[in-house]
Amino acid sequence: MIIVVGAGPAGIAAARCVLECNLPVTVIDDNPAPGGQIWRGEAINLGAAQLLSGTRVVAIDGRARTVLTEGPGGPRTLHFSKLILATGSRELFLPFPGWTLPGVFGAGGIQALVKTGLHVAGKRIVVAGSGPLLLAVAALLRRRGADVRLIAEQARPAALFSFAAALLTNAAKLKEGAGFAWTLAGVPYATGAWVEAAEAEGHVRHVHLRQGNRRWVEECDYAAIGYGLVPNDELHSFAADSEHVIPVPTGDVDLATLEGAAAGYEAAGQPRPSAKLERARRFGAVLARAFALDPELRSLPKSDTFVCRCEDVTLERLCGWDSFRAAKLHTRCGMGPCQGRICGPAARFLFGWQDTSIRPPAFPVRIASLVTTTLATNGETS
Ligand SMILES: Cc1cc2nc3c(=O)[nH]c(=O)nc-3n(C[C@H](O)[C@H](O)[C@H](O)COP(=O)(O)OP(=O)(O)OC[C@H]3O[C@@H](n4cnc5c(N)ncnc54)[C@H](O)[C@@H]3O)c2cc1C
């Protein structure tokens, strides 16, 4: 059985290509319905694929070719012939004074909330961080009646110029960009700019912005701040050396769909070269360069700013350690409910630390999962 983990655009494309090759496929996703980040709430037809929704893969044994899942029926071990990991990405948050206040969201976070019912009509919103996602989010907020005060993009004009040049060679993206420009007409777009701090009276009331030497304050009801995406690749490390496991690199929806399709054909034993995929990868590389984070952002958190918001670990407590593992052991950074998914990438940017201590299970699991399966690898569990 071919198993696909993730029912976002990549996983859906992968499953459809496996079915096209007349092979059975099971798709596992931890959300209540398929769609992933971007097709959330849309009606998705997965044809003859078996779909296990509300089910999370928490560990992989590459040698035994099994995945351990937790779902509505409790823990299960499923065997695979090929495993496609289309687990997508999450937002990168960089800590700054006030980033944990009520009303300060991730840019994609507020997008997801609006898609699932948050009313923003009439709300003053500052959108900040980095990447084209900011435009998609700001456009959605404006269409829903929000007063988008400003988009603060950390990338500098010179870097954005290369992105604009690449857009000119990509008709679909150019059209999308033109649509955003139309929707966002009149909204200031500040480049080389970022939110330095947020302040609240119970709820965020204003943010402090900086653009070079210029500093100003913007009043707002919400701040939507995200610094791009980081891959959900925790599972990948459990089976990095297995030829039966195919990780799908993620990106924007077009790249994700093409990468997913390529993985589906590969899993089915019918790989197909795709010029479209090569083009999308080149565009993705330009995007990554254009929106690379400014090293000055490392000075955003102050000594008393929480970096690990689950365990209340401040920047000050992290300084002095030389690895994420050492910091984790001495401060509990990364040991809270999110298991380092938020502070890990932030610490990587701030200190250059890689978290090399990921062991199965990749998520907090029920005791039943630990005792009823062969989860323990080499006698270790985390
Ligand atoms: C908050 C946010 C907003 C975004 N908005 C846009 C946008 O507006 N436009 C755009 O082009 N791109 C957007 N992106 C980028 C977006 O991720 C891709 O465009 C697209 O969703 C990628 O598809 P994917 O299938 O690779 O990942 P996803 O759509 O993220 O799908 C991955 C799926 O795998 C599931 N999953 C992960 N781990 C497990 C596990 N262990 N067990 C079971 N299921 C698991 C996830 O819950 C998810 O449903 C956004 C990303 C984020 C994080």
Would you tally the residues in segment 49-75 being of a type in the set (Gly, Ala, Ser) and under 24 Å from Val253 (Cβ atoms)?
3
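Can you tell me which of Leu23, Leu52, Leu101, Leu19 is near the ligand (Cβ under 9 Å from one of its atoms), at pLDDT 95 or above, not assigned by TED's automatic domain parsing to the domain that holds Gln339 and not hydroxyl-bearing (Ser, Thr, Tyr)? Spell out the reasoning first.
Numbers: Leu23 fails: near the ligand (Cβ under 9 Å from one of its atoms); Leu101 fails: near the ligand (Cβ under 9 Å from one of its atoms); Leu19 fails: near the ligand (Cβ under 9 Å from one of its atoms).
Going through Leu23, Leu52, Leu101, Leu19 in turn, the sole match is Leu52.
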Contact list please: Cβ distance under 6 Å, first residue in segment 344-357 and closer than 11 Å to Ser237 by Cβ, second residue part of a loop (DSSP other than H, G, I, E, B), pairs at least six apart or on different chains.
Asp355/Gly340
Determine if segment 231-248 includes at least one residue that is in the same structural domain as Gly109 (by TED's automatic domain parsing), more than 16 Å from the ligand (Cβ to nearest atom) and over 24 Å from the mean Cα position of the chain (by Cα).
no
Are there any pairs with C-beta distances below 6 angstrom linking a residue in segment 98-109 that is within 18 Å of Cys308 (Cα to Cα) to a residue that is assigned to a strand (DSSP E or B) and within 16 Å of the ligand (Cβ to nearest atom), with the two at least 6 apart or on different chains, and if so which?
Val104/Ala223; Phe105/Ala224; Gly106/Glu91; Gly106/Gly226
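Listed here are the residues, each with its yes/no results for (1) more than 30 Å from Pro97 (Cβ to Cβ); (2) away from the ligand (no atom under 12 Å from the Cβ); (3) part of a strand (DSSP E or B); (4) under 24 Å from the mean Cα position of the chain (by Cα).
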site	(1), (2), (3), (4)
Ala164	yes, yes, no, yes
Glu218	no, yes, yes, no
Gly251	yes, no, no, yes
Gly260	yes, no, no, yes
Tyr265	yes, yes, no, no
Kindly check whether there is at least one residue in segment 331-338 that is under 29 Å from Gln154 (Cα atoms), within 22 Å of the chain's Cα centre (by Cα) and crowded, with 22+ Cβ neighbours inside 10 Å.
yes
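From the list Ala165, Ala178, Ala152, Ala190, exactly one residue is surrounded by fewer than 19 Cβ atoms within 10 Å (Cβ to Cβ) and touching a strand residue (DSSP E or B) at 6+ places or on another chain (Cβ under 6 Å). Which is it?
On the way: Ala165 fails: touching a strand residue (DSSP E or B) at 6+ places or on another chain (Cβ under 6 Å); Ala178 fails: touching a strand residue (DSSP E or B) at 6+ places or on another chain (Cβ under 6 Å); Ala152 fails: surrounded by fewer than 19 Cβ atoms within 10 Å (Cβ to Cβ).
Result: Ala190 is the single residue among Ala165, Ala178, Ala152, Ala190 that is surrounded by fewer than 19 Cβ atoms within 10 Å (Cβ to Cβ) and touching a strand residue (DSSP E or B) at 6+ places or on another chain (Cβ under 6 Å).
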Residue pairs, Cβ under 6 Å, 6 or more apart or interchain, first in segment 39-68 and surrounded by fewer than 18 Cβ atoms within 10 Å (Cβ to Cβ), second acidic (Asp, Glu) and in a loop (DSSP other than H, G, I, E, B). List them.
Ser53/Asp29
Out of everything in segment 281-320 that is small (Gly, Ala, Ser), under 19 Å from the mean Cα position of the chain (by Cα) and not in a loop (DSSP other than H, G, I, E, B), what residue ends up being nearest to Ala347 (Cα to Cα)?
Ala288
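The values are calculated or read from the model by the stated rules, or taken from the named source; none is laboratory data. The model shown is predicted, which means the values in this text are computed figures rather than measured ones. Every residue, glycine among them, receives a Cβ derived from its backbone with ideal geometry; neighbour counts consider all protein chains shown.
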